Amino acid sequence: MERVRVGIVGAGFAARLHLDGWRRVHGVRAEVVAVTCAHPDRAEAFAREHGIDAAVASLDALLDLPVDVVDVCVPNHLHSDHARRALAAGKHVVVEKPLTGCFVARRDATAERMLHDALADADALVAAADAAGRWCCYAENWVYAPPVAKADALLAEAGGTILRIQGEESHSGTHSEPNKHWVTAGGGALLGKGCHPLGAALHLKAQEGRRRDGRPIVPRSVIAQTASLTRVEAFAAEAHKYLRTGYEDVEDWGLLVCTFSDGTVAEVVGGDVTLGGVRNRMTVYGSRVVVEANLNPNSAGARVRARRGRARRRVPQREARDPRRLVVTRARRGLDAGLPAGDAGLRRGRRVRPPAA
Ligand SMILES: NC(=O)c1ccc[n+]([C@@H]2O[C@H](COP(=O)([O-])OP(=O)(O)OC[C@H]3O[C@@H](n4cnc5c(N)ncnc54)[C@H](O)[C@@H]3O)[C@@H](O)[C@H]2O)c1
């Protein structure tokens, strides 16, 4: 079996997710063989804990090792630089989200500058991959998440037009300090969390276009609104905070509306002000089907209430046993409601999975 040697840059939250992912890859022997991060002791601890052969002091030292893929799991402002250095050293690259952006002080981040910097940097990254003849893989995990992949399959079966997509990723606030500053994050919740439902929406509309016309449907325009909700007076005055705070100059909530080239829309929310764990969900309103993709497990009927110390979440036992049940049941209801009886799409939809007991 082919062997792929991976070096991870970063030893924080995303690095752990990726390590877990690499160890589940099948069909190829993917082995994480090296790690580096900004703190050598943490890289060593990460390597020890996870049985990784080498913990090295810098990206350059990692690039000197015989690794095939460099997995970039560092703060946003380093993505493009690290990815390009790895490509120049002849490595394939996986880059975390957001691919890149505009990393200047917030007061200098005008709309024109943001658009210019993000596009120029993304183009440079693509050019670097082309020049090196190596893969540069953008790790948008929502596109591969089973509920989104299922949504895509159901939409393909039902046919018709995706008229509207509504998606959200939010939780109670970032754990990572660089995400609180524009110079290192390039934006707040809308960029850091909204990029996931946006990525899935772009994917689903592109797929619709490829299926029907042989070419992707692409975004035409975007409008957005952001806010700093953890700075409103009433919240600031509360004695106990159950949400994370301390955002220097980035938003903690944002909404964008993306209009596609065919005139249809996606409404995307990213938020750092949601109690009770990650809220990852997407509803696709098609002309022949409505599909709900619920990416967070165990959310059916969840009740979240603040208590001193932490937010608590209660979940019905049946959903806790089978987190996929809700997604599938709702998807099936959407097919039932959206298609005439006897329609082939409906019959195929029924075979997806038996309804919940
Ligand atoms: N896809 C997802 O669901 C998801 C989830 C969380 C984070 N992320 C992304 O992953 C990236 C990392 O986020 P995180 O949550 O792991 O942050 P984190 O703060 O937990 O970890 C960041 C890591 O980067 C290292 N680092 C910082 N500067 C470095 C440098 N110059 N050289 C080498 N290492 C350096 C730090 O030492 C740390 O180990 C971010 O871009 C974030 O947007 C993606």
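Scanning the stretch 14-33 for residues that are in a helix (DSSP H, G or I) and of a type in the set (A, V, I, L, M) turns up A14, A15, L17, L19. Looking across the stretch 48-79, the residues that are among the aliphatic types (A, V, I, L, M), more than 11 Å from the ligand (Cβ to nearest atom) and surrounded by fewer than 23 Cβ atoms within 10 Å (Cβ to Cβ) come down to I52, A54, A55, L63, L65, V69. Of A200, A206, A224, all but one fail to be without any contact (Cβ under 8 Å) to a residue 40 or more places away in the chain, touching a helix residue (DSSP H, G or I) at 6+ places or on another chain (Cβ under 8 Å), under 20 Å from E140 (Cβ atoms) and of a type outside the set (V, I, T); the exception is A224. Do we find a residue being out of contact with any strand residue (DSSP E or B) (no Cβ under 6 Å at 6 or more places or on another chain) and not assigned by TED's automatic domain parsing to the domain that holds R24 anywhere in the stretch 127-135? No: the stretch 127-135 contains no residue that is out of contact with any strand residue (DSSP E or B) (no Cβ under 6 Å at 6 or more places or on another chain) and not assigned by TED's automatic domain parsing to the domain that holds R24. In the set (1) more than 11 Å from the ligand (Cβ to nearest atom); (2) out of contact with any Ser or Thr (no Cβ under 9 Å at 6 or more places or on another chain); (3) not β-branched (V, I, T), the condition left unmet by A83 is number (2). Among the candidates V143, V218, V183, V222, the residue that is closer than 15 Å to Y247 by Cα and surrounded by fewer than 21 Cβ atoms within 10 Å (Cβ to Cβ) is uniquely V183. Of all the numbered requirements in (1) under 23 Å from A132 (Cα atoms); (2) in contact with a Gly (Cβ under 9 Å, 6 or more places away or on another chain); (3) part of a helix (DSSP H, G or I), D81 misses one, and that requirement is (2). Restricting the search to the stretch 162-178, which residues are within 12 Å of the ligand (Cβ to nearest atom) and either surrounded by 24 or more Cβ atoms within 10 Å (Cβ to Cβ) or basic (K, R) (or both)? Passing the criteria: only E169.
Residue-wise test of (1) within 17 Å of G199 (Cα to Cα); (2) assigned to a helix (DSSP H, G or I); (3) modelled with pLDDT of 95 or more.
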position	(1), (2), (3)
R113	no, yes, yes
H116	no, yes, yes
D121	no, yes, yes
A128	no, yes, yes
D152	yes, yes, yes
E157	no, yes, yes
R164	yes, no, yes
E168	yes, no, yes
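Being among the hydroxyl-bearing types (S, T, Y), at pLDDT below 95 and in contact with a helix residue (DSSP H, G or I) (Cβ under 9 Å, 6 or more places away or on another chain) is a condition met by at least one residue of the stretch 294-317. So in the stretch 100-115, with the set limited to residues that are surrounded by fewer than 21 Cβ atoms within 10 Å (Cβ to Cβ) and closer than 26 Å to W142 by Cα, which one is farthest from the ligand (Cβ to nearest atom)? By that ranking, first place goes to L115. Looking at the stretch 226-242, is at least one residue within 26 Å of L115 (Cβ to Cβ), surrounded by 12 or more Cβ atoms within 10 Å (Cβ to Cβ), modelled with pLDDT of 95 or more and out of contact with any strand residue (DSSP E or B) (no Cβ under 9 Å at 6 or more places or on another chain)? No, the stretch 226-242 has no match at all.
Out of V143, V126, V218, one residue alone is over 22 Å from D71 (Cβ atoms) and not aromatic (F, W, Y). It is V218.
Return yes when D64 is assigned by TED's automatic domain parsing to the domain that holds A118 and under 21 Å from E2 (Cα atoms) and no when it is not. Here the answer is no, as D64 does not meet what is asked.
The values are calculated or read from the model by the stated rules, or taken from the named source; none is laboratory data. What you are looking at is a predicted structure, and each value in this text was computed from that prediction instead of being measured. All Cβ positions, even for glycine, are placed from backbone atoms using ideal geometry, and neighbour counts span all protein chains on display.
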